Each structure stands twice: as structure tokens, then as C-alpha cells.
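Rule-based calculations on the coordinates, nothing more; no lab input. Quick caveat: nothing in here was measured; it's all calculated off a predicted structure. Cβ placement follows ideal geometry from the backbone for every residue including glycine, while neighbour counts extend to all protein chains displayed.
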Amino acid sequence: MDGSAKQQQSLRDGLLTRQSVPPRLVDGPAPAQADIDDILAAAVCAPDHGAIRPWRFHVIQGEALNRLGDLFVEALKKREPGAPPETIEKEQSRPLRAPLIITACAKIDHSRTDKIPAIEQVVAVGLACQNILLAAHDKGYGAMMLTGVNARDPHVKAAFELEGPDEIVGFIYIGTPSGPVFEKERPDPTEFTTVW
Ligand SMILES: Cc1cc2nc3c(=O)[nH]c(=O)nc-3n(C[C@H](O)[C@H](O)[C@H](O)COP(=O)(O)O)c2cc1C
């Protein structure tokens, strides 16, 4: 196999074997800085109509994970002023389930929405998220994209400098798999495909 055939084979393998590794199945160490740089370099290679670059990534690790927990608790207390202590504790510790979170946000460029509607800008960030997941997988890390109520919470969104139709597209939890990752059965694509 020549170099480019090998590269194609490894891309194909990566695409077909990627699967989410839930935060409860990852541990330290967090990706090294060089790996984080590579993962983000992959993210910004995503398709992006009009080169708007609507993606805003936030790298959260170490002490910053506690600060994200504080933010989730603040948001919870605004949503549910009488939230019980165990719910508060769950929100506080939620980000601590993995050693690294990359938060992927879509900052909509309103001056371009006549030709490139907000949905296309959000899709570009979704594609960047897939590149993050694939790049993390390629490096042997386990990753999973999560949203949940915090991704839609106005207090959380404001903390990421988002407004209006801007979105938190995903909190991508990344770490080192703590055990074997069992192969997942995938659907038959023909079930979802019509040949015109
Ligand atoms: C935008 C988006 C948000 C998601 N949010 C959640 C979530 O909050 N909780 C969850 O369990 N899975 C969530 N998922 C699904 C997982 O990331 C994952 O894709 C799913 O469990 C299937 O696993 P797989 O990636 O191995 O196919 C989300 C997926 C996407 C694309």
C-alpha cells in the first residue's frame, strides 16, 4: 500500500470505528496540549458555508472544570430556586466526569443570514464537533458530545458570550478510556437511503 492508500484506509477505519465513550468510561490523563492543538486544527477544517467561521471553542480542564460546575449550579438555582442539595451536587460535579471538555458554540453572523441562514452556521459548528470527535478517536482518546438543559440555559449561554440565535452546539467530554470500548452495532445505511 502506498502512502495515500494507507491514509485512506486509516480515515475509513477511523470513520467506521468511532463511537462515543461516555464520561463515566473515561479518566485521566487529559489529552496533551499538542493533541488538543491537533484536535482543534481538525475542527476548523470542517465545511463552513461562506467561510464565516461561526465556531467558538472553549477548552476547559483542571480548575476550570470546577468553574463550569459553579456556572451549572448558578443556572440550576435560577431555573429551580428550591433545587434539593443532591441536584445541586450533581450539577456541581457534572463537568468533573472527564478531564477535558471542549465547549463548541455557534456565534451567528447576522450580517450574512440573507445568504447563509443561522441553521447553516450551526451545522458548520456541528461538523466541527464531528471533526473533534474523530480527531480525538484517532489519537486514542474517548469522547462524547453532550448537550442537555445547560446547553439551552440562557445563563450558561451568556457566560459563553452567546445571545439570540447563538447556540451551545455541544459540550464534548474527552479523556482516556478507562477500559475496553466494545464495538457498537451500526444500522444498515440502505434503510435510510432512497436511490432517485
Ligand atoms: C447535538 C448532540 C447532542 C447530544 N446530546 C446528548 C446528551 O445530552 N446526552 C446523551 O446521552 N447523548 C447526547 N448525544 C448523543 C451522543 O453524543 C452519542 O452520539 C450517542 O450516544 C450515540 O453514540 P455514538 O456516537 O457512539 O453513535 C448528543 C448528540 C448530538 C449530535
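Roughly speaking, what is the stretch gain from Gln9 to Lys78, that is 0.36 nm per residue apart minus the C-alpha to C-alpha distance, in nm to one decimal? The partial results should precede the final answer.
Working: separation 69, 0.36 × 69 = 24.84 nm, distance 4.98 nm.
Between Gln9 and Lys78, full extension yields an extra 19.9 nm.
So which helices of the chain fit the span-like rule, where a helix is a whole DSSP H run, its Cα atoms reach 27 Å or more along the axis, and its mean Kyte-Doolittle is at least 0.5? Spell out each step's value before the answer.
Working: long enough: 118-138 (30 Å, 1.11).
Those that clear 27 Å and a mean of 0.5 are 118-138.
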*Top of Cys105, Cys45, Cys129 by mean-square fluctuation, Gaussian network on the chain, Cα under 10 Å*: Cys45
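Within 10 Å, at most 11 other Cβ atoms, and a DSSP state outside H, G, I, E, B define an exposed site. Report the longest part of the chain free of exposed trypsin sites (Lys or Arg not before Pro). Write down the numbers at each step before the final one.
Numbers: sites that count: Lys115, Lys184.
In the chain, the maximal stretch lacking such sites is 1-114.
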*For Trp55, Trp196, order by how many other beta-carbon atoms lie within 10 Å, fewest first*: Trp196, Trp55
*Pull out the extension gain between Cys45 and Arg186, defined as 0.36 nm times the separation in residues minus the alpha carbon to alpha carbon distance; nm, one decimal.*
48.2 nm
_If neighbour count is taken as other Cβ atoms inside 10 Å, put Val125, Val59, Val195, Val156 in order from fewest to most._
Val195, Val59, Val156, Val125
*asked:* Between region 1-51 and region 94-139, how far is it from one alpha carbon centroid to the other, in angstrom?
replied: 14 Å
*For the chain, what number of Lys pairs, 8 or more residues apart or on separate chains, have alpha-carbon atoms under 23 Å from each other?*
9
*Bin width 5 Å, alpha-carbon pairs only: give the P(r) of the chain as whole percents, running from 0 to the bin holding the largest distance.*
1, 7, 14, 17, 17, 17, 12, 8, 4, 2, 1, 0, 0
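Round to the nearest 0.05 the FRET efficiency obtained for Arg24 and Thr193 when R0 = 35 Å and r is the Cβ-Cβ distance.
Numbers: r = 34 Å, r/R0 = 0.97.
That gives a FRET efficiency of 0.55.
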